[in-house]
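Mind looking over this structure? Questions follow.
Throughout, read-outs are computed from the coordinates displayed, never taken from laboratory work. Because the structure is predicted, anything quoted here is derived from the model rather than measured. No Cβ is skipped: glycine too gets one built from the backbone with ideal geometry, and neighbour counts run over all protein chains shown.
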Amino acid sequence: MEERGCRPSELMKYIDISFDINLSNVFKVNTLNETWLGYSMHHSSSIFAKASQFSRIKGGSNYKGVYIQFDF
């Protein structure tokens, strides 16, 4: 990249966001007190906008998920 006059990025940028809701509060059932339904998103990006190997992709990549979490 330096031969082409481009400055490479050495940073990896990321963010993790998740939202949880306690199912006991939704369904009013005490046995679900330690059970949560959640949504998560992980976003990462680094050199994609500067590297021609990736067709100068802008925005990075997102990984989304829905999960159930419980304490046992």
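If you take the beta carbon distance between Ser61 and Ser18 as r and set R0 to 25 Å, what does 1/(1 + (r/R0)^6) give as a FRET efficiency, to the nearest 0.05? Please list the in-between numbers first.
Numbers: r = 17 Å, r/R0 = 0.69.
Efficiency, rounded to the nearest 0.05: 0.90.
Something else now. Quick one: net charge of Asn22's neighbours, Cβ under 13 Å, K/R +1, D/E -1? Let's see the in-between values first.
Values: positive: Lys28; negative: Asp20, Glu34, Asp71.
Combined, the nearby Lys, Arg, Asp and Glu give -2.
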